[in-house]
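Participant: First the structure, then my questions, so here it is.
The values are calculated or read from the model by the stated rules, or taken from the named source; none is laboratory data. This one's a predicted model, so the numbers in the text were calculated from it and none came from an experiment. Quick reminder, even Gly has a Cβ in these numbers, built from the backbone with ideal geometry, and neighbours come from all protein chains shown. Note: areas computed on protein heavy atoms with side chains; ligands, DNA, RNA excluded. Shrake-Rupley method; radii C 1.70, N 1.55, O 1.52, S 1.80 Å.
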Amino acid sequence: MHRGEYYCRMPPAVLSTGISGFDNILGGGLPQGHFYLVEGAPGSGKTTLALQFLLAGREQGERGLCVTLSETAAELEAVASSHGWNLKGIDTLDLAAAGDVLTAAAQYTVFHPSE
C-alpha cells in the first residue's frame, strides 16, 4: 500500500437472530458464513433462539433446517406453538430417535477433551 492510498474493507454481511435486542448487542446480527454453537442448561432458551433465527431467515425468503438431537419434531412444534409461531417452511431433521447412534463413544465435539 502506498502513501495516500486507503484500504477499505467491507464489513461482513450479518444475519438477524430474530431477536432485536440480541442483534443490537451483536452489532446487527451474526456474521454470515460461520458456524455457531449455542450451549446452555436445559430451559436456558437454546431452542427458542434457534427457532427465532430460523423464522427470521424464513421471513427473508431463506430455507432453514432445524436439526434436533434431544427434542422430537412434535416437541419443536409444541415450543413454537407456545410462542404463537408456525414452523411451516422450516424443515426438521429429528435425530432424537437415533439415541442408539448417539452414544458417548460415537459423539463428536468441537471442544478439546480437557474442556
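Participant: Return the long-range amide H neighbours of CYS66 (sequence gap of 5 or more, or a different chain), with a cut-off of under 5 Å between placed amide H atoms.
Facilitator: ASP91, THR92, LEU93
Participant: What's the local net charge at THR68, with K and R +1, D and E -1, over the other residues with C-beta under 10 Å away?
Facilitator: -3
Participant: Can you list the GluC sites (Glu not before Pro) in the range 7-70 that are in a DSSP coil and have 15 or fewer other beta carbons within 10 angstrom?
Facilitator: GLU39, GLU62
Participant: Return one whole number: the accessible area per residue of the range 15-100 in Å², for a 1.4 Å probe.
Facilitator: Accessible area per residue, the range 15-100: 66 Å².
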